[in-house]
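Quick notes on the structure that follows.
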Amino acid sequence: MEKLKKKIGSFSFWNWVIASIIFRLILIYFPKNLNLSSRPEVSTPLTSFRRLAEGYWLKQSSMSSYAGSMYHGSPLLLSLLGPLTVKRIEGQPNHLLYSLVSVIADVVSAMLIRATGQNLRLAYLRSLESLDLVKQIDVSEFLFSGDIAALIYLCNPFTIVACVGLSTSPIENMAVILCLYGACSRLIPLAAFGWVIATHLSLYPAILIIPVIFLLGCGPDSPPRKLFLQRHQQKEVLNQLKLPPGFSWGPIIHFAFWAFLWSVYVLVLCGISLKQFGGLWEMFKSTYGFILTVEDLSPNIGVLWYFFAEVFEFFRNFFLIVFHVNILFMILPLSIRLRHRPCYLAFVYVAICSMLKSYPSVGDSALYLGLLGWFVNELADMQFSLFLFCGYVGVSLLSPVMHNLWIWRGTGNANFYFTTAMVYACLQIVLVVEGVSAVLNHDRKLRILITGKP
Amino acid sequence: METFINPKSLFHLLLLPCLLLYSSIAYNSSPVEAAMHTNNWAVLVCTSRFWFNYRHMANTLSLYRTVKRLGIPDERIILMLADDMACNTRNKYPAQVFNNENHRLNLYGDNVEVDYRGYEVTVENFLRVLTGRHETAVPRSKRLLSDEGSHILLYMTGHGGDEFLKFQDSEELQSHDLADAVKQMKEKHRFKELLIMVDTCQAATLFNQSPGVLAIGSSMKGENSYSHHLDSDVGVSVVDRFTYYTLAFFERLNIYDNASLSSLFSSYNPSLLMSTAYYRKDLYKRRLEEVPVTNFFGSVMETIHTDAAYKALSRRNSGRFEDEMSLDQSVHHIKRRMLIKVNDGDEIHDINPEGEEGASKCPWSTFRKKFQKAENVDSLLNYGLVAMIPLLVISTWLVQ
């Protein structure tokens, strides 16, 4: 019976995957990709495909691809995706090739999410077994978090819009997920590669080094080590084999070595491609410098543009530091509190970055919503889930409306649009806070089951 | 003690600062020579009103046509016409202006751009054009935007006399005003060379106070300049003699000819002109035999090839631009003209690479040279990117 249920479950998984691919392909064939690439929620100065095409054209005209402050991405992406911007096939939509690339990137990410989810689920079951809680918790009710996460990622309207809307978010997301997959499966070169590429493409995944270190050092998500010790104290048998391994530095050194290797490789390639146009310093100024100094203040679904449009020049640097340190401040406390759950820590970091980065888009939200699927079992008791779901739906419907009112009709103003951006940020904050508290509650529940004390 | 200070040593002592002073003066004067001829301008002024001064208009328009034909574009020509002959009610051929009774050439054509028309042609505006001191609202097309590399042709025609030129039948431009304006232009480095050509009665008196410029007038003091012939169909004289013979000279030319200014100036026959065409070149540094007419009347540029590759064109041609030519500024004039001849049609990649450097001995530098070629960088980058994937796969598989 269970086998049949499993079979049915996996059958409909692939159904859903194929359905989402077909849906994306249908949307691609709509004229001009439904004009999604002109939406500010979808394409930002960092992820816009139009800017990539411009950068590629500048490169072909023997000018620096960063000229005119149009393109702010990686030169490697230019070499890879640039030729796709100019290749046209008769009778097909203009950017068919690149849309296919993003569809493939989405599918690969989904498969990697599924594999990592399965990994996490197995690790969870293993840890429950070693805590002897298998009888007390009904494991047959456990959902296949890998499948669910992959399906959430694929069928999420945000992901579909980011894929069809010609942005480079699918590729950035794929790099982040590759990094997490590699770290979970102990494939250290893969993890290093993913981390280096993700940081190179957009600056923020750099903070994922901490969950990756924890993943490589301790292993995937598990209840706190303290619980294991308490359980074995109770049993008065210290079975070393059943304890999760302690923190090991070997894989970390390995990871550092591979990360160094890959970053040197990437930097050398970038240096070669930008030799005549100012070299690596120009690249850092135009990519990381652009991200950190928030030069472009066109509206997006984040909160920085509105603020920096009105801040005085004198205080601009100060507030830049405040906004960026806002992310950095949260790194340490969260890493201390959630060190036994590195994947969840990664999820929280990604969510915080998506909220507080300089140019957020729905592609970033697609990433952490997909990663949310890994923790459906732990977050089963999360509060306000309906509120959040309705909030997300509401914001995604209202935000284009407010944008239209502001820009096209002129009956609204920037405050209308910024309201939806603020509400969106609040929703993300609620999600993060409630998620963390739900996970901590889950751990507390386990502790109660083991020790019998609240 | 006495041997220390003797006349010989004193002389040697004084020689050194003198040398220094002399060299500093020499160096100071050299920056003036450094400006290169970069553009050509023409200011063509017709100052007479009324139908019977048709020929002055025809003069100016003929020269306008010549100058455009030899290469100066409209944006570098300031054309000032004091009256409208083409659309005058007395013109039997509306919108047509002829400079010959055979009516072969319609000077008014369909691409005549008049910058100052009718009552805008005043002495004040003329002097403002020359000196560049305009009101802020004056558009760019009405300004003489020359710089220190410009060769300017200034042609004036109308009724004139001893040291004056009549504007619009109501005011006059005096020769010292013109001289002041020219001096101001010189101070402000608004030209590299200036040719003043005047076709009026007693023309040579108009520029006898203008220093340091090349000037030619149609008649000397006390002589009149005459019209060439009367067109009985139009009813008025259609061209002046001086301009007629000037045009006769230019109609024989095309843009690539090397005719020099001396041949132009010597082509004026006093008996045919019925006046003496007088030119002054006492302060003009170059010999007239060496100056091509296109220096002032056309716009033929010399091209100087530099070592640096010209990067802004498409990648296909970039390889050819890396042929090196020596930066030779002191090219002889004749050789320069030959360069001009070769460069017609702007086919830059037909230039023979003279003196391409032989392959250097060091293999590293040849590698770097090959490396710097654009196509190689691209392909290297692509190889690097593609190689990332197998590297990743292999490393992952090895470590497992």
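In summary, B:Cys87 fulfils each of the numbered conditions (1) under 18 Å from B:Phe242 (Cα atoms); (2) surrounded by fewer than 15 Cβ atoms within 10 Å (Cβ to Cβ) with the single exception of condition (1). A:Leu367 meets the conditions (1) crowded, with 21+ Cβ neighbours inside 10 Å; (2) closer than 22 Å to A:Phe308 by Cα in every case but one. The failed one is (2). Could you tell me whether A:Ala115 is touching a residue at least 40 places away in the same chain (Cβ under 8 Å) and open to solvent by less than 10 Å² (accessible area, probe 1.4 Å)? Against the criterion (touching a residue at least 40 places away in the same chain (Cβ under 8 Å) and open to solvent by less than 10 Å² (accessible area, probe 1.4 Å)), A:Ala115 does not qualify. Residue count for the stretch B:113-131, restricted to those that are touching a helix residue (DSSP H, G or I) at 6+ places or on another chain (Cβ under 7 Å) and farther than 21 Å from B:Asp177 by Cβ: 1. Could you check how many residues of the stretch A:126-172 are more than 30 Å from A:Arg225 (Cβ to Cβ), among the polar types (S, T, N, Q) and open to solvent by 10 Å² or more (accessible area, probe 1.4 Å)? Residues in the stretch A:126-172 being more than 30 Å from A:Arg225 (Cβ to Cβ), among the polar types (S, T, N, Q) and open to solvent by 10 Å² or more (accessible area, probe 1.4 Å): 1 in total.
Every listed requirement among (1) over 27 Å from the mean Cα position of the chain (by Cα); (2) surrounded by 15 or more Cβ atoms within 10 Å (Cβ to Cβ) is met by A:Leu96 save one, (1). Restrict the check to the stretch B:192-204 and report whether at least one residue is part of a loop (DSSP other than H, G, I, E, B) and among the aliphatic types (A, V, I, L, M). The answer is no, given that none of the residues of the stretch B:192-204 is part of a loop (DSSP other than H, G, I, E, B) and among the aliphatic types (A, V, I, L, M). Among residues of the stretch A:23-66 being surrounded by fewer than 16 Cβ atoms within 10 Å (Cβ to Cβ) and either within 14 Å of chain B (Cβ to nearest Cβ) or among the aliphatic types (A, V, I, L, M) (or both), the one that is farthest from A:Phe418 (Cα to Cα) is A:Ser61. crowded, with 24+ Cβ neighbours inside 10 Å, part of a loop (DSSP other than H, G, I, E, B) and either among the aliphatic types (A, V, I, L, M) or at pLDDT 80 or above (or both): does that describe B:Ser225? Here the answer is yes, as B:Ser225 does meet what is asked.
Only one of the numbered conditions (1) within 16 Å of A:Ser167 (Cα to Cα); (2) open to solvent by less than 50 Å² (accessible area, probe 1.4 Å); (3) within 14 Å of chain B (Cβ to nearest Cβ) is not met by A:Ser102, and that is (3).
Residues that are out of contact with any helix residue (DSSP H, G or I) (no Cβ under 7 Å at 6 or more places or on another chain), modelled with pLDDT under 95, closer than 26 Å to A:Val176 by Cα and open to solvent by 70 Å² or more (accessible area, probe 1.4 Å) are absent from the stretch A:391-412.
Restricting attention to the stretch B:52-82, which residues are open to solvent by 20 Å² or more (accessible area, probe 1.4 Å) and hydrophobic (A, V, I, L, M, F, W, C)?
B:Phe52
For A:Trp195, the test of being more than 28 Å from A:His442 (Cα to Cα), at pLDDT below 90 and not aliphatic (A, V, I, L, M) is failed. Of all residues in the stretch A:395-424, those being free of Cβ contacts under 8 Å to residues at least 12 places away in the same chain and either closer than 15 Å to A:Ser365 by Cβ or in contact with a strand residue (DSSP E or B) (Cβ under 6 Å, 6 or more places away or on another chain) (or both) number 1. Residue count for the stretch A:71-93 satisfying the condition of being open to solvent by 30 Å² or more (accessible area, probe 1.4 Å) and at pLDDT 90 or above: 0. Of all residues in the stretch B:174-203, those that are hydrophobic (A, V, I, L, M, F, W, C), closer than 23 Å to B:Ser262 by Cβ and surrounded by fewer than 22 Cβ atoms within 10 Å (Cβ to Cβ) total 0. Filtered by the rule that a residue be buried (at least 16 other Cβ atoms within 10 Å of the Cβ) and more than 7 Å from every other protein chain (Cβ to nearest Cβ), the stretch B:376-387 gives a lone residue, B:Asp378.
The values are calculated or read from the model by the stated rules, or taken from the named source; none is laboratory data. These numbers come from a predicted model, not from an experiment. In this analysis, Cβ positions are derived from the backbone assuming ideal geometry, glycine residues included, and neighbour counts consider all displayed protein chains. Please note that ligands, DNA and RNA were not included when accessible areas were found on the heavy atoms of the full protein model with its side chains. Shrake-Rupley method; radii C 1.70, N 1.55, O 1.52, S 1.80 Å.
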